[in-house]
Amino acid sequence: MSDKYGQQQTMFETEGPATRDSGPVTCLGMTFQNDEARRAHFTEELRKKLQDPEFRKIEGFPIGSDEDILNLSDPPYYTACPNPWIADFIAEWEAQKPEKPEGYQYHREPFAADVSEGKNHPIYNAHSYHTKVPHRAIMRYILHYTEPGDIVFDGFCGTGMTGVAAQMCGDREVVMSLGYQVKPDGTILQEEMDEDGKKVWRPFSKLGVRRAVLNDLSPAATFIAYNYNTPVDVVAFQKEAARILKEVEKECGWMYETLHTDGKTKGKINYTIWSDVFICSECGGEVVFWEVAVDKKEGKVFEKFKCPHCSATLTKRTMERAWITKYDHSIKDTVRQAKQFPVLINYVVNGKRAEKKPDDHDLDLIEKIDKNNIPHWFPSHRMMEGKETRRNDPIGITHVHHFYTKRNLWVISSIWNSFNHLQQGRLALTSILIKTASKLHNVGLKNGKINLAGALPNALYIPASIAERNIFELIKGKIEDFTRANIGTIQPNPVEISSLTSNEKKKLSSSIDYVFVDPPFGSNLNYSELSFLWEAWLGVVTNNTQEAIENSSQQKGLNEYRILMTAAFENLYIMLKPGRWMTVEFSNTSAAVWNCIQTALSDAGFVVANVAALNKGQGTFMSQTTSTAVKQDLVISAYKPNGGFEERFQKEAQTEEGVWDFVRTHLKYL
């Protein structure tokens, strides 16, 4: 395995696509010859910050070397660590806002309507994530609560859909596709019912881009969010990605070659099915699970089946696993892993699909790959402590690279290192790293046909039968997905960050116009565990000390969750301007978690004005089948009071005047 940083830099000629203007650029009041000069200047400034020991002591500071953080960052727009320039951006954006008319006073009623937006949109589907809100749904809230140029903050940004939504508020066609009307002067109208029950169109917002500051503890999340919200020359990206893939295919294409059943004609593998192997409890013979327990025609898995050697009746629970022991050069240790065996190959020959059982040529090819050392860097981290990350320890899958077949690990690492100058390429590659390129890829059967279902959502579960996909076909498909989504055509308005210092919070006091957040809810998802494979490849890992979840591995129960969420809401309260709104998306049916959220909001100082529904369409497997299944999320509208209300309420809370003061203040927002 080669060194991480330089091994691929001279392998291919570099023709990286321009991501911003190639001429002079201005950033934070400074003018640079071009965007590369801007990046070089701020990278050196960030390097200096990283050398300050105090900077690394910031709460939530990610785990990674200086070089890994710098390689991932594009300062000052995006840093894979606390961003030192956030206050500078906000000050600049505030100064650029259009002047308000004399006597202007901000007033919005709570967004009380239910919202329904499906997930079937190219932007939403381009890159998977553990959970996210469709950008078109977020647009409705941003348009309601803000004006062009206003600053929106998302403290749990995930893939950056709030940033996408903030920018799309300036796109006339997209806004009209939400069912609104847009006048030539940019006034946006929505359909309402008048006093007589007639439908009328009333103005409620203005067309125009909103600014966005995006924050997340997870380096994987901010990396995805940055790429979703950064302009790129899509045509140049496609051209460069295709050139690189062509070069890598010259190196690794032979790994997906197979012989047709005629024994002569070469075909190209689409996918290989691998099956768990067990030992018959009666005769000791090896039992390939796929061959004896799976009914391919009916699409069923038998609970009882016959041993192919002695005809004994067996069940999965009565058999022991077959094991293989081998030396792992990456961790310099011997490993013992549950045995899997290739049982079916789907391939293309002469333009037509075909299937066959692996023959001697295929088995020899796999053996050849296994005997060679991969000449490129790949992550070999021990999986972090956690329920999901360590769930495969009993079958010997203990390190990151164990989650991939040797063939796919080789090809992924070659492409990853060849994409070292192409962030969007690495973004496309991360989108397949977990769901379809790893051993997590489940295989289903429907109407006698194989269904390439992908990984079970929000779990690191390796099934009994897995699909080893052709990486070249997967990545080419993803590049097409990103092109269809037009990712990169929007302007560089949002700033992605990973955490904020206490000093930054003070600097940002009362500086944000609107907050939209979709925070973690109790034990629903273990974000840092589910992101670990991504982050191992990116080289920067979540510091989950401040992760607001219930997780026994982190020794966090409901009380710890409440304390962390209260701290998060307190920070949002500090940053939000008085009299402004926050929208909190809630997705958990647990009464205890719901009470925690209400308590945290109240303790932070917010007043809840409304709770409505958000239907995100088709749910995940877990949201449809678990005991806490949520058919539609709740959306909490809360505001930060102004006019010294909190101090007055503390003094007068027990008096009649105090009660009426609360009523008068609250009614202003309704």
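Kindly establish whether Asp216 is over 24 Å from Asn408 (Cβ atoms) and either touching a Lys or Arg at 6+ places or on another chain (Cβ under 6 Å) or surrounded by 18 or more Cβ atoms within 10 Å (Cβ to Cβ) (or both).
The answer is yes for Asp216.
Could you tell me whether the stretch 439-446 includes any residue that is small (Gly, Ala, Ser) and at pLDDT 90 or above?
no
Among the strands (runs of 3 or more DSSP E) confined wholly to the stretch 328-395, which include 2 or more residues that are aromatic (Phe, Trp, Tyr)?
340-349
Look through Ala548, Ala568 and report the one residue that is of a type outside the set (Val, Ile, Thr), within 25 Å of the chain's Cα centre (by Cα) and surrounded by fewer than 22 Cβ atoms within 10 Å (Cβ to Cβ).
Ala568
From the list Lys250, Lys266, Lys246, Lys239, which one is open to solvent by 10 Å² or more (accessible area, probe 1.4 Å), within 19 Å of Ile432 (Cβ to Cβ), basic (Lys, Arg) and more than 22 Å from the chain's Cα centre (by Cα)?
Just a single option satisfies the conditions, and that option is Lys246.
Give the stretch 571-608 a look and list any residue that's modelled with pLDDT under 90, in a loop (DSSP other than H, G, I, E, B) and either in contact with a strand residue (DSSP E or B) (Cβ under 8 Å, 6 or more places away or on another chain) or surrounded by fewer than 19 Cβ atoms within 10 Å (Cβ to Cβ) (or both), or say none.
Ser587, Thr589, Ser590
I'd like the full set of residues that are open to solvent by 20 Å² or more (accessible area, probe 1.4 Å) and farther than 17 Å from Gly539 by Cα, limited to the stretch 416-442.
Lys435, Thr436, Lys439, Asn442
With the structure loaded, tell me whether Tyr124 is surrounded by 15 or more Cβ atoms within 10 Å (Cβ to Cβ) and part of a helix (DSSP H, G or I) or whether it fails that test.
Yes; evaluated as a whole, the condition is true for this residue.
Considering Ala87, Ala95, which residue is farther than 26 Å from His381 by Cβ and under 26 Å from the mean Cα position of the chain (by Cα)?
Matching residue, one of Ala87, Ala95: Ala87.
Kindly indicate whether Ala453 is surrounded by 17 or more Cβ atoms within 10 Å (Cβ to Cβ), within 21 Å of the chain's Cα centre (by Cα) and part of a strand (DSSP E or B).
Yes; evaluated as a whole, the condition is true for this residue.
Out of (1) surrounded by 17 or more Cβ atoms within 10 Å (Cβ to Cβ); (2) modelled with pLDDT of 95 or more; (3) within 27 Å of Leu525 (Cα to Cα), the odd one out for Ile366 is which?
All conditions are met except number (3).
Which one of the conditions (1) on the phi > 0 side of the Ramachandran plot; (2) under 14 Å from the mean Cα position of the chain (by Cα) does Leu427 fail to meet, given that it meets all the rest?
Leu427 satisfies all of (1) on the phi > 0 side of the Ramachandran plot; (2) under 14 Å from the mean Cα position of the chain (by Cα) except (1).
The values are calculated or read from the model by the stated rules, or taken from the named source; none is laboratory data. Computed from a predicted structure; not experimentally measured. Neighbour counts are summed over all protein chains in view; Cβ atoms, including those assigned to glycine, are modelled from backbone coordinates with ideal geometry. Surface accessibility is based on the protein's heavy atoms, side chains included, excluding ligands, DNA and RNA. Shrake-Rupley method; radii C 1.70, N 1.55, O 1.52, S 1.80 Å.
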